[in-house]
Amino acid sequence: MRYLPHTDEDVRQMLETIGVASLDDLFTEVPKDVQLDRPLDLPEALSETEVLRELRKLAAANATDDTHLSFLGGGAYNHFIPAVVDQLISRSEFYTAYTPYQPEISQGTLQAIFEYQTLITRLTGMEVSNASMYDGASACAEAVLMSVRATRRNKVLVASSLHPEYRETITTYCRYLDVELVEIPFTDDGRLDQTALGSLLDQGTAALVVGYPNFFGVIEELGALVEAAHQVGALLVSAVAEPVALGLLKSPGEYGADIVVGEGQSFGMPVSFGGPGVGFFAARQKIVRSMPGRLIGATKDSRGETGYVLTLATREQHIRREKATSNICSNQGLCALMATVYLCLIGKKGLRELAEHNLAKSEYAKQAIAALPGFEIPFSAPTFNEFVVEFEGDADALLEGLEQQNILAGIGLKKYYSEMTQRFLVCVTEQSTREQIDTLVAALKGAQR
Amino acid sequence: MSGVATQGLILKEKLIFEHSEPGRKGYSLPALDVPPEALPEELTRDDLGGFPEVSEVDVVRHFTRLSTWNYGVDSGFYPLGSCTMKYNPKINETVARLPGLTGCHPHTPERLSQGSLKLMYDLQGALAEVSGFDHVTLQPAAGAHGELAGLLMIRAWHEAQGNSRKKVLIPDTAHGTNPATAALCGYQVVPIASGGSGVLTAETVAEYMDKDVAALMVTNPNTLGLFESDIREICDIVHAGGGMVYCDGANLNALMGIARPGDMGIDVMHFNLHKTFSTPHGGGGPGAGPVGITRKLEPFLPKPVVVKDGESYRLDSDRPLTIGRMRSFHGNFGVLVRAWAYILTMGSGGLKRVSQMAVLNANYIRARLEGSYHLPQPHRSLHEVVFSDKNLGGDCHTIDVAKRLLDYGYHPPTIYFPLVVQGAIMIEPTETESREILDEFCDAMISIAREAKEQPELLHDAPVTTVLGRLDETAAARQPCLCFIPEQGNK
């Protein structure tokens, strides 16, 4: 076996040094009655070429944007990934390292994450960012728990236009905790219903959680929402599933948001069937000690040089055990590195330009679809790179029909909002050419009602 | 001085922000082929203040230099206990990058994502066979996330029976994630003292077990590297008292093909694919923390569940008793691909050989170091061995040994964990290291033990060969500086 260096002679000599007669004798503490008395029922070992063949076969059974014209978004986005990203994260000093517990030989990871934290604070307009969480949804659930800790209140208002899987994750995390979750509806224009909000916000409210943009691609009126939340002393948690939008949109921090979380997959990571991506998590300095997750800070070494270390660990499970701010141990280190490399490449001007391309392509598609008979755009509020389409007939049947033409036109919304049988969510990024958008529009036009 | 460390050219590197020059760019976009659009001005930001403007070359050189300040498994021996830092096979990286796998969108209809779904279904089956459980969910993103899913299922099961038990028993040798997870499930944590032998006895568990105990969380082999040999009896006691047994699967690398937690009576266990199944740790993630469960917990699995209908695969979301969703989409799929490639490569016999060689290596290190370091537990070790810093001499402590090891060219073991051992030095060599590497490492450890007595300043001043000297962690926590602020000049 090529990963196991032991020769028969090595094994013999090592057993002799240990002072046992056989490999079986190493397991004498495992009682016979719990030992497995048969080989594992798994296939026998494959050679490297056979493994490759097997995996290629699986890969070939999937649709991708090479095989289909895709307008799928809804929390995972198809953006261009510069070649540099994969080249750099393939440096095995990065990807075969562990969490940087020994800072003297982990400065590469530590400095990169310090840069990541800096980029995230600037992107979100916040003061502190942690070293990352599992994904946007779990980061959002952790933000809910943090808001409860920081305010010592237990009611959390969650926009029903927040990504449905983020909402489900929040519900899971709060399942057995003393947290009351209340959903806030949206209005006909696709934005949060501020009248309903006004009647639900009170002195017991820990936070309001809202998508920015929301699940329908709609840009919420964050300023008004922050003001309403702050009036009763509640925190505003802004969840960003598509962070490319922040290249163009006013940052949640600028509006006064208290916690900003989101999914960083758009920054240099493939859609990869939904993972791994990276959850980002940023907040105000004054509540940093309630934050979950790893934090990297600057310090000095014994020679007076600047270096970076894991810090404020007294919030964490390995020190505080059941009193920790979260049970999270790892971060998504390599994905955070991908986001860092990507954001450095795209830079100050590039993220803005990229966001403008997304907006322009999406608007082009939206206007063309709105002009088709049998189709309309139900939500009138401004959107970024996705929008909801309403069809005269059954949306799922329409989408299935388009699959036959190798077009993945969008996500049927019925599975998330049972009443939305005629609606679907279309995402158009910079990756779609005008010609491809025209193909989509022509296919929709030709679809049977 | 023995060891593999030597001098090399180490290049200085500033923060990327300090390379920034207005007008430089590191990206290219195609010309816009549709009319430009703008949002209302009140919705748009001014600019991305503080983002760098650098060329592609700047970025490549910056991160390449940073990488040289890191130490990975590919650099050398990494005996970090409880972390299973085995070799990360390169074919896994290649297959995980196949465009048909990376490019499949999570919202792709099931009929067009059969490759991904089949891989997940088959991986669930293989993990169930290795562990002896009836079902496996792949959704959790990491070990601690798997613990949360597992304990939520246990609680949901209790609630479904109308039991609202309040307590979870956790030995004092457990990982910190265990009590933190129990708290997140609304449970009160009751610590169990492991006692002198380091192993949990059936009598102790019986003493603690009562009608208010929802579950016992164990780690087997435990964090001292010892097999919990009363495990079957312990499970019987907990079950008889109406509770469930959760196993932290961090140390499964000792048991593949040898014994199966499901057969021992354990009800729930998480796997760390980034430990046992060779996926890279990535400097702290992404990992994956699938969870195996017995049949009676099946209704509570996180949704969706990957199922097979005839010859095709689908995601089942119609699960009324589910604990819900742990995250968005289907798990860290890219990590699952690597683990599946590993299982295919090793096969049934290979996985057993992995555990045998991991245990052989740990016991070899133990035999070679027993004379130089204090060994607090007499039992036979499995995949890892824990020494203490007792009797080191020269006012040297575990931290000094760890830092001195850096000068010899090794990543130190896990230190000061488990908490029950004074100055714990927890060594897990894994199976992918040869006898020669282990000998070199043991020679270094023995040499350091001698230095502690004869020239303790070598330990206190260590490390001297690294890019930076010992870092002041206290100062970092007292005055947190968590991002670059130009005026302060971090560097």
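The values are calculated or read from the model by the stated rules, or taken from the named source; none is laboratory data. Note that the coordinates shown come from a computational prediction; the quantities given were computed from them, not determined experimentally. Glycine gets a Cβ as well: all are built from the backbone with ideal geometry, and neighbour counts include every protein chain shown.
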Review point. What is the one condition in (1) within 10 Å of chain A (Cβ to nearest Cβ); (2) more than 22 Å from A:L4 (Cα to Cα); (3) surrounded by fewer than 24 Cβ atoms within 10 Å (Cβ to Cβ) that B:H374 does not satisfy?
Key: (1)
Check your understanding: Name the pairs: first residue in the stretch A:27-44 and surrounded by 15 or more Cβ atoms within 10 Å (Cβ to Cβ), second residue polar (S, T, N, Q) and outside any strand (DSSP E or B), Cβ to Cβ under 6 Å, at least 6 apart or on different chains?
Key -> A:E29/B:S229; A:P31/B:S229; A:L40/B:S348; A:L42/B:S348
Review point. How about the stretch A:296-325: which of its residues are at pLDDT below 95, more than 7 Å from every other protein chain (Cβ to nearest Cβ) and assigned to a loop (DSSP other than H, G, I, E, B)?
Key: A:E316, A:T325
Practice item. Go through the stretch B:291-334 residue by residue and tally those that are more than 10 Å from chain A (Cβ to nearest Cβ) and under 17 Å from B:A160 (Cβ atoms). Key: 12
Revision key, fill the gap. Of those in the stretch B:449-489 that are acidic (D, E) and either more than 9 Å from every other protein chain (Cβ to nearest Cβ) or touching a strand residue (DSSP E or B) at 6+ places or on another chain (Cβ under 9 Å) (or both), the residue surrounded by the most Cβ atoms within 10 Å (Cβ to Cβ) is B:E451
Check your understanding: Take the residues of the stretch A:1-12 that are surrounded by 13 or more Cβ atoms within 10 Å (Cβ to Cβ) and outside any loop (DSSP other than H, G, I, E, B): which is nearest to the other protein chains (Cβ to nearest Cβ)?
Key -> A:D10
Check your understanding: Counting only residues that are in a loop (DSSP other than H, G, I, E, B), within 13 Å of another protein chain (Cβ to nearest Cβ) and not hydroxyl-bearing (S, T, Y), which one in the stretch B:385-412 is surrounded by the fewest Cβ atoms within 10 Å (Cβ to Cβ)?
Key -> B:G409
Exercise for review: Go through (1) buried (at least 24 other Cβ atoms within 10 Å of the Cβ); (2) touching an Asp or Glu at 6+ places or on another chain (Cβ under 6 Å); (3) in contact (Cβ under 8 Å) with a residue 60 or more places away in the chain and name the single condition B:G243 misses.
Suggested key: (2)
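Taking the residues in the stretch B:413-424 that are buried (at least 22 other Cβ atoms within 10 Å of the Cβ) and in a loop (DSSP other than H, G, I, E, B) as candidates, determine which candidate is farthest from the other protein chains (Cβ to nearest Cβ).
B:V421
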Check your understanding: So, in the stretch A:269-290, of the ones that are touching a Ser or Thr at 6+ places or on another chain (Cβ under 7 Å) and aliphatic (A, V, I, L, M), which residue ends up nearest to the other protein chains (Cβ to nearest Cβ)?
Key -> A:V278
Check your understanding: Does any residue of the stretch A:140-147 turn out to be of a type in the set (S, T, Y) and in contact with a helix residue (DSSP H, G or I) (Cβ under 9 Å, 6 or more places away or on another chain)?
Key -> yes
Exercise for review: Might you check whether a residue that is under 30 Å from A:L295 (Cβ atoms) and among the β-branched types (V, I, T) occurs anywhere in the stretch B:274-282?
Suggested key: yes
Practice item. For the stretch A:246-268, indicate whether the set of residues that are within 10 Å of chain B (Cβ to nearest Cβ) and farther than 24 Å from A:M126 by Cα is non-empty. Key: no
**Study point:** Yes/no for B:A182 being touching a Leu at 6+ places or on another chain (Cβ under 8 Å) and facing another protein chain (nearest Cβ under 9 Å)
**Key:** yes
Practice item. For residues that are within 7 Å of chain A (Cβ to nearest Cβ), touching a helix residue (DSSP H, G or I) at 6+ places or on another chain (Cβ under 7 Å) and either among the polar types (S, T, N, Q) or assigned to a helix (DSSP H, G or I) (or both), tally how many sit in the stretch B:38-60. Key: 3
Practice item. Go through the stretch B:133-155 residue by residue and tally those that are within 9 Å of chain A (Cβ to nearest Cβ) and surrounded by fewer than 21 Cβ atoms within 10 Å (Cβ to Cβ). Key: 0
Check your understanding: Which is closer than 25 Å to A:R289 by Cβ, out of contact with any strand residue (DSSP E or B) (no Cβ under 7 Å at 6 or more places or on another chain) and assigned by TED's automatic domain parsing to the domain that holds A:E242, of A:T124, A:T169, A:T187?
Key -> A:T169
